[in-house]
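None of the figures in this text is laboratory data; all of them are computed from the coordinates on show. Every value quoted in this text rests on a predicted model; they were computed, and no experiment measured them. Using ideal geometry, Cβ is built from the backbone for each residue, glycine included, and neighbour counts are taken over all protein chains shown.
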Amino acid sequence: MGMRINARLPHAADLKAEYPLSDSIKELKRKRDAEIQNIFTDKSDKFIVLVGPCSADNEDAVCEYVSKLAVVNDKVSDKLMIIPRIYTNKPRTTGEGYKGMLHQPDPDQAPDLLAGLIAIRKMHIRAIKEGGMTTADEMLYPENRSYLDDLLSYEAVGARSVENQQHRLTASGMDIPVGMKNPTSGDFSVMLNSVVAAQSPHTFIYRGRDVTTDGNEFAHVILRGGVDKYGTCIPNYHYEDLVRLLDMYNKRDLKNPAALIDANHSNSNKQYKEQIRIVSEVLHSRNYNPELKRLIKGVMIESYLVEGCQGIGSNMIYGKSITDPCLGWEDTEQLIYKIAENC
């Protein structure tokens with residue numbers, strides 16, 4: 001085979017033992033998990049705001065961002081459930097480019113997966129400790145999630161992964177909400193089929209073991225827009241799209257129908273400032289239609305300390321995205337307050 005072994009990676013249990021969670025973090029996760037699940041079961045009417053950088057590329061910048069988010073959270077926690085987005089794995093359409101801190105703990109250095117595993121676990125733990133909020137990450141590699149599964153309160157399956165069998169079956173064994181994004185084509189049926197799979201029990205091979213799952217009743221959809229055959233972005237956050245999603249949900253026997261709206265990606269055509277307007281429109285649609293208010297549980301926003309994005313190189317700006325462009329902190333803070341007022 002054209003493959004060579006660079007290093008043997010530690011078992012997840014060994015890495016967890018080396019970088020353990022404190023009792024206070026374990027209790028925080030238990031409490032936050034219950035609060036988030038209550039939103040999906042309609043026991044709570046809090047609105048989810050899953051917000052953070054497109055890619056978590058720098059521990060200090062990410063933790064500074066989360067600390068700022070914590071100050072805002074103290075003011076809006078009666079209405080909002082803020083979940084810091086700390087994405088450490090990045091899908092690459094062509095396989096080229098920065099693949100996230102898991103691959104490259106230092107973005108301008110060669111890949112080092114062992115250092116990456118340590119870096120992402122330490123960063124999530126530090127962010128939770130300093131911000132007082134458990135976090136979200138993307139499940140890009142299903143077998144790698146066990147390195148973080150004791151500290152995450154939310155996971156997302158991306159547009160390029162949502163049709164993958166292993167992602168769907170792994171999601172069925174998770175005990176936290178998992179969001180299944182619509183594929184890049186924008187197809188709602190594919191997305192909902194993924195929710196059906198994730199909510200169902202399965203037996204399959206996972207990390208060299210024969211496992212059986214119970215199904216995840218908190219699996220739900222994320223609308224992130226699509227792209228047509230000409231490469232044109234087709235948003236799916238408009239009122240008509242939400243009503244169509246509601247109708248398709250009503251025709252399926254799924255537990256806890258729910259959706260989050262991703263305000264960036266193909267919904268904004270990566271015009272990051274558009275996220276402000278898109279979130280406002282989503283809130284208007286929810287308030288206009290009581291059924292949509294129950295279905296739409298939150299929004300996803302890409303935001304960092306400094307707005308826009310930059311290339312990897314010398315003289316990089318601290319706290320500015322090195323992948324997709326993000327809202328800056330000032331716009332983010334005002335947007336969160338606006339969401340709290342209008343949700």
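Quick notes
- Label-zone membership for segment 247-283, site Thr41, 7 angstrom Cα→C-beta point, backbone N under 16 Å: 255-258
- From most to least packed by mean Cβ count within 10 Å, the peptides 215-221, 145-151 give 215-221, 145-151.
- Global form of segment 80-178, assessed from the alpha-carbon gyration tensor, a/c cut-off 1.5: oblate
- Extension reserve of the Gln109-Arg207 stretch, reckoned as 0.36 nm per residue once the Cα distance is removed: 32.4 nm
- Helix-only [θ]222 nm of the chain, DSSP H runs n ≥ 4, -39500 (n - 2.57) each, per residue, nearest 500: -12000 deg cm²/dmol
- Footprinting exposure proxy for Val66, Val72, Val227 (fewest neighbouring C-beta atoms within 10 Å first): Val227, Val72, Val66
- Only helices reaching 24 angstrom along their own axis (Cα) with mean Kyte-Doolittle hydropathy no lower than 0.5 count here, and for the DSSP H runs of the chain these are 113-131.
- Panel order for Glu143, Glu240, Glu163, Glu302, by other beta carbons found within 10 Å of each beta carbon, from fewest to most: Glu240, Glu143, Glu163, Glu302.
- For the chain, DSSP calls about 20 percent of its internal beta bridges antiparallel.
- Summing Lys and Arg as +1 and Asp and Glu as -1 over all other residues whose Cβ lies under 12 Å from the Cβ of Thr332 gives a net charge of -1.
- Applying 0.36 nm per residue to the separation of His284 and Glu341 and subtracting their alpha-carbon distance, the gain on full extension is 19.3 nm.
- Least to most buried among Ile176, Ile301 (fewest other Cβ within 10 Å first): Ile176, Ile301
- Those residues of segment 26-46 whose amide nitrogen sits under 18 Å from the label point placed on Asp175, 7 Å along Cα→Cβ: 26-41
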